[in-house]
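Worksheet: one structure, shown below.
The values are calculated or read from the model by the stated rules, or taken from the named source; none is laboratory data. No experiment lies behind these values; they were computed from the predicted model shown. For neighbour counting, all protein chains shown are included, and Cβ atoms are generated from backbone atoms with ideal geometry for every residue, glycine included.
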Amino acid sequence: MSPTHAARRSAPDILVVDDTAANLQVLSGLLKDCGYKVRPVPSGKLALQAAHSAPPDLILLDIKMPELDGFEVCRRLKAEPRLKDIPVIFISALNETIDKVQAFGVGGVDYVTKPFQFEEVAARVRTHLGLREMQRALANQNERLEEIVQARTQQLAESHARLAVLDKTKSDFLRLISHELRTPLSGVLGITELAFAECEDRPVVAELRAMFQQSRHRIVALLEDSLLLTEIELTGDTVAVGASPLGAAVRTALDRARPFAQSRRVPLPTSPAAAERVVGKPILVARAIQSLIETAIKFSREAEPIRLTSAPATDAVRLTIETQGFAVPPHVLPYFFDLLAIADTITPGGDLGLAPAVAERILHLLGGSVRVENLDPPGIRLTVDLKLAADVP
């Protein structure tokens, strides 16, 4: 920035300190001609008073002065928090290297030797005023950024607190609904079973009974899945405790999925020979596998058997569940395991409900994973990796 341009905005304030009146008058006059605001003072003591009264933008400081020399003046300036960042340019007849080293050692930013060329002085003044302005701008920007960060941090803390309240409310609501609906629902389902028992054994009754059983299974599954998801969110850190024999968990999952498979007329396989022990409580491992088997059933054609195999993998055991009949629409594949992401009916077996999300969340907490892919001929493959628990008691 040129001195003339600086003068049009707000002229930089320069404090000129020299005990020689002629030097003081010449230097001050030349700087004023450049558009600067100049305050000439003839001693170090007066320089300190002037700086305290109104901190300048830059100081031109002679070294050899009575009472307080320039070195001591600079030391005292740098000891004051309000004044320590003011650039100090020493102007002196002292030309020894040791003098220059001392000048920089006490905090000076530059050194001009007498007799000086004013063009040199003016260039160095412009340079250090420009640097000082950039330092101020950077400090202001940092201060604004810090304020923005603090404000954003406060907003995030408040948002987190609100989300925590909402999350707890959601969990409490799901738990309440899941528990409180069981009693009236058991009554409704029980009465309906009794009503069917009193009906004549006719084809239309059998058809209605099959529709009722499917709806009954769906309602009960949704309640159980929503309650389990809530429990996982609340106590997820304890889920991975313990170990399960994989073969027993698969047998349990098949037994629990069998009524649903029979209602869809989909044959289930025998449990594969799996001697490995995997991370997680047996009931949760079995529940995850059951949810995936029932998901596969929905993509299976009637009388088409589910295929279930196991094989070792790196630090894991891999279960593969395959079925033939129907594929997952391509646009659904990326969010197949998202909670409530698939509300539309995408298979003849109806919508997927919460089963994929329940399985994925359990497996994730157990250090495992699951993925889905389409097959050709149409069908799906669910690939499950379960973490081995060789060192878990």
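Would you please name the residue that is farthest from residue 249 (Cα to Cα), looking only at residues in region 301-326 that are among the acidic types (Asp, Glu) and in a loop (DSSP other than H, G, I, E, B)?
So the first thing to find is which residues in region 301-326 are among the acidic types (Asp, Glu), and the list is 302, 304, 315, 322.
Remaining after also requiring in a loop (DSSP other than H, G, I, E, B): 302, 304, 315.
Working: 302: 26, 304: 23, 315: 19 Å.
Within region 301-326, the match that is farthest from residue 249 (Cα to Cα) is 302.
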| task | Output the strands (runs of 3 or more DSSP E) that fall wholly within region 51-153 and possess 3 or more residues being assigned by TED's automatic domain parsing to the domain that holds residue 33, crowded, with 19+ Cβ neighbours inside 10 Å and in contact with a helix residue (DSSP H, G or I) (Cβ under 9 Å, 6 or more places away or on another chain), or say none. | result | 58-62, 88-92
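Rundown of residues vs (1) at pLDDT 85 or above; (2) over 26 Å from residue 213 (Cα atoms); (3) surrounded by 14 or more Cβ atoms within 10 Å (Cβ to Cβ), yes/no style:
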| residue | (1), (2), (3) |
| --- | --- |
| 279 | yes, yes, yes |
| 296 | yes, no, yes |
| 312 | yes, yes, no |
| 322 | yes, no, yes |
| 378 | yes, yes, yes |
| Sole exception among (1) among the hydrophobic types (A, V, I, L, M, F, W, C); (2) surrounded by 12 or more Cβ atoms within 10 Å (Cβ to Cβ); (3) at pLDDT 75 or above for residue 220, by number | (3)
| task | May I ask you to list the residues in region 346-376 that are surrounded by fewer than 20 Cβ atoms within 10 Å (Cβ to Cβ), modelled with pLDDT under 90 and farther than 15 Å from residue 294 by Cα? | result | 364, 365, 367
| said: Residues to consider are 47, 22, 6; find the one that is crowded, with 17+ Cβ neighbours inside 10 Å, assigned to a helix (DSSP H, G or I) and at pLDDT below 90. | reply: 6
| Which residue pairs have Cβ atoms closer than 8 Å, lie 6 or more positions apart in sequence or on different chains, and pair a first residue in region 188-201 that is under 17 Å from residue 217 (Cβ atoms) with a second residue that is surrounded by 12 or more Cβ atoms within 10 Å (Cβ to Cβ) and aromatic (Phe, Trp, Tyr)? | 192/212; 196/212
| Taking the stated definitions as given, is residue 73 among the hydrophobic types (A, V, I, L, M, F, W, C) and touching a strand residue (DSSP E or B) at 6+ places or on another chain (Cβ under 7 Å)? | yes
